[in-house]
Amino acid sequence: MRYTDIVIVGGGLAGSTTAAMLGRAGIAAIMIDPHTTYPPDLRCEKIGGTQLPRLRRTGLAEEILRPTTIDGEVWEARFGVVVVKRPSDQHGVMYDTLVNTARAQIPPGVEILHTKVVEVSTTDDRQRVVLADGEEISARLIVLANGLSVSLRHMLGLQRRVISECHSVTLGFDVAPVGRPALPFPALTYWPKRTADRMAYLTLFPIGSTMRANMMVYRPMDDIWFREFRENPEATMRAVMPGFDRMAGDFKVIGPIKIRPADLYVTENHRQAGVVLVGDAFATSCPAAGTGTDKVFTDVERLCNVHIPNWLSTEGMGRTKIEMFYDDPVKTECDAWSAAKAWHLRSLSIDDGLTWRARRWARFIGRLVQGVMRRTHRPNQSVTTSRTSPQSHQGRTA
Ligand SMILES: Cc1cc2nc3c(=O)[nH]c(=O)nc-3n(C[C@H](O)[C@H](O)[C@H](O)COP(=O)(O)OP(=O)(O)OC[C@H]3O[C@@H](n4cnc5c(N)ncnc54)[C@H](O)[C@@H]3O)c2cc1C
């Protein structure tokens, strides 16, 4: 039997960031994940906006952002027209690179075991974890960061309440220009024309020298539209985004097309002694709303900067201690904001009610005004030129 203070089950973004933070703080921890290297997976492929300050609070931003590509500017377009060009801080990165970079920050003092946890049991004092090879670990706290996996839940009496099945579907693929060296924009967000197309938006952003695309739609997984997309992606894109190639020029989809649905769920009966859930293990988010990493960084930062050091300073790991994390106002505010954003974007994209139609037009006109004001203040910026080259993170200020 091995002994430690914290055992982290799962080495995805949440588990790896936790291990790196605890290791840097000199807290004894062991992380367990079956993959020696996190494999390619369609998940979060860019970090920006609200995610950056949250990531900075983990103390790992500089290292985690190093392999990313910053777009610098994003164009927003609808009806084939560029509505606004605005400065942007989106950092493009494939999910496996993101997780493997976080893992590389784990100091040698934290042991990483490449196997599966097959059994967990908890008490008010010490917790027990059994690995696939039969080895056992005794820890003061289990951090459950096993993402979407359901395998260990029944042992802890955890229930998953699905709030919205197949809330949105993400399509991930690469796009290349035809007959030209580059597309005319550094990054692009393209809004659909009609609600009937059941699309939130298309986002194009650079990762290295590749233009990566994430298309977010609201369709059931058995919708024939997905088959049509796989068979003829360019034509399917043109049908839902008329005018797109008028502004983007001729383009082709290259490489594999990955399609992945996301359910919104929350975990119940989680207020227990000895175990704390972070990231997707606690609750999922809508990929279209793009708040999953906000939740991961917030959970991990609060847990490692505030709660774990407090909990370890006194005896025991009872439920009252664990509840401090779930009731942390920074965490609860982030969770509530993420859930609200998931529903707001869905209605804004596909709801035909009068209020939502008005909101859509308000968003469009708001961006149009922003665009005009920007062009007024930067008159030499035309809507068809000024392609800014994407840059690697190194040498830039995050
Ligand atoms: C299609 C898609 C697109 C997304 N796009 C965005 C986006 O644009 N922006 C954004 O912010 N968020 C996005 N998200 C959400 C974001 O990617 C997730 O919230 C985040 O990756 C969750 O990280 P995690 O560490 O909780 O889970 P994971 O990364 O899934 O990690 C879980 C880990 O647990 C391990 N594990 C499982 N069972 C066991 C076991 N028994 N023993 C040991 N290890 C185990 C697994 O091997 C895995 O490594 C997207 C999600 C999806 C599905």
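No lab work stands behind these numbers, since they all come straight from the coordinates. Since this is a predicted model, take the numbers as computed values, not measurements. Cβ coordinates were reconstructed from backbone atoms using ideal geometry, including for glycine residues, and neighbour counts include every protein chain displayed.
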Hey, how many Å between the Cα centroid of the range 67-103 and the Cα centroid of the range 265-341? 27
Length gained when the stretch R246-D327 is fully extended (0.36 nm per residue, less Cα-Cα span): 24.1 nm
Using the structure shown, select from K46/K193; K46/K295; K258/K295 the pairs with a Cα to Cα distance greater than 20 angstrom. K46/K193; K258/K295
Gained length - E119 relative to Q159, 0.36 nm times residue gap less alpha-carbon distance: 12.7 nm
Give the long-range amide H neighbours of L113: residues separated by 5 or more places, or on another chain, with amide H under 5 Å away, using H modelled in the peptide plane at 1.01 Å from N. M31, I32, D33
Rg [Å, one decimal], Dmax [Å, integer] - the range 262-310, C-alpha atoms: 11.9, 36
Tell me the mean residue ellipticity at 222 nm calculated for the chain from its helices only (DSSP H runs of n ≥ 4, each -39500 (n - 2.57), averaged over every residue, nearest 500). -9500 deg cm²/dmol
Convert each backbone phi in the range 178-187 into a coupling constant with the Karplus relation 6.51 cos²θ - 1.76 cosθ + 1.60 (shift: θ = phi - 60°), then list the ³J(HN,Hα) values in order as whole Hz, x for Gly and Pro. 10, x, 9, x, 8, 6, x, 10, x, 7
Could you give the nm distance between label points at K258 and T37, where each point is 7 Å from its Cα heading toward the beta carbon? 1.5
Let's test the formula: R0 of 41 Å, r as the Cβ-Cβ distance of Y3 and K193. What FRET efficiency results, to the nearest 0.05? 0.10
Assigning unit charges at the beta carbon (Lys, Arg +1; Asp, Glu -1) and nothing else, what dipole magnitude in debye, to the nearest 20, does the chain show about its Cα centre? 1700
Expressed in nanometres to one decimal, the distance between label points 7 Å along Cα→Cβ at R359 and D96 is 3.8
What's the magnitude of the charge dipole for the range 223-373 around its Cα centre, counting Lys and Arg as +1 and Asp and Glu as -1 at the beta-carbon? Answer in Debye, nearest 20. 520
Restricting attention to the range 228-295, which GluC sites (Glu not before Pro) occupy a DSSP loop and are surrounded by at most 15 other Cβ atoms within 10 Å? none
Just order 211-217, 149-155 by mean Cβ neighbour count inside 10 Å, highest at the front, would you? 211-217, 149-155
Helix 292-302 axis, angle to the chain major axis (alpha carbon atoms, nearest 10°): 40
